Amino acid sequence: MKTTTKSLLKSGVHLGHSPSHWHPRMAPYIYSTRSGVHIIDLVQTEVCLAQVQQFLTAASSQAANVLFVGTKPQVAQSIAAAATSCNSFYINQRWLGGLLTNWQTLRKSVSTLAKLESVKAQGLMESLPKRRYSVFMKEYNRLSKYLAGVCSMTSEPDVVVVVGQQEEQNAVNECRCLGLRTITILDTNSNPDLADLYIPASDDSAHGIPIILNKLAKAILIGRV
């Protein structure tokens, strides 16, 4: 058994949902059912992962911008870490409606955050009166919580990596509306028809998701060399 397969197996990436909570289109990627849950075929997981890595390397070699999206608590930190490691963008707290389809409007908030970041980095707010300092920090914390991962994004991304199709349906819908390429980690309750490229794997695995995201981030970095 290959090292990657062992690490994915150990992390529980193969453990899907119960048969009562599944999407029929995921049938080709389900190996069996054990202890009341669908078991994802890790051989196909690795094949799809390799294909996605190749795609990301090729896309990043053409200067494509990538946005990582995943707001579930168990994956939020991994989303930020992976995106940061390959100089990409991320949303890991909450998807603000219209982030992509109404980008020109949301961009104003992103620009405001970038300016606040600059002021904060220079330590200029320390000299502000107490009340103005409080207003500054309140606005900064509000914008930073949701937009910190895209504060330097100046246009729509070229590729969007999604972890948690069910939870990120709004993001998926906006990508489809704009014709943006999506890469989705598909659990057994997901619909592969809603993704351009995908990796069959548990999107709830706090240990497995970082392994997959790390490989995607490395693929992006290879393309930028």
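The values are calculated or read from the model by the stated rules, or taken from the named source; none is laboratory data. Because the structure is a prediction, the values reported are computed rather than measured. Methodologically, a virtual Cβ is constructed for each residue, glycine included, from the backbone with ideal geometry; neighbour enumeration extends over all protein chains shown. Surface areas here come from the heavy atoms of the whole protein model, side chains and all, with no ligands, DNA or RNA. Shrake-Rupley method; radii C 1.70, N 1.55, O 1.52, S 1.80 Å.
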More than 20 angstrom apart: percent of Cα pairs within the range 29-162: 59 percent
Cα long-axis angle, helix 73-85 against the chain (0 to 90 degrees, to the nearest 10): 70 degrees
Counting DSSP beta bridges with both ends in the chain, the antiparallel % (nearest 5): 25 percent
Portion, in percent, of the accessible area of the chain that falls on carbon or sulfur, probe 1.4 Å: 51 percent
Rg(Cα)/(2.2 N^0.38 Å) for the chain, N = residue count: 1.10
Solvent-accessible area of C175 with every protein chain in place, 1.4 Å probe, in Å² to the nearest 10: 0 Å²
In Å², nearest 10: area of H207 left accessible to a 1.4 Å probe: 140 Å²
Over the range 101-148: Rg over Rh, Cα atoms, Kirkwood Rh: 1.03
Trypsin sites (Lys or Arg not before Pro) restricted to DSSP loop in the range 1-43 with at most 13 other C-beta within 10 Å: K2
Per residue, in Å², the accessible surface of the chain once ligands and nucleic acids are set aside, probe 1.4 Å: 50 Å²
Cα Rg, Dmax, the range 95-225, angstrom units: 17.9, 55
For the range 169-222, alpha-carbon Rg relative to the globular expectation (2.2 N^0.38 Å, N residues): 1.20
The range 6-157, dipole about Cα centre (Lys/Arg Cβ +1, Asp/Glu Cβ -1), debye to the nearest 20: 680 debye
Accessible-area ranking of I222, I185, I211, largest first, probe 1.4 Å: I222, I211, I185
The chain, helix-only ellipticity at 222 nm - DSSP H runs n ≥ 4, -39,500 (n - 2.57), divided by all residues, nearest 500: -15500 deg cm²/dmol
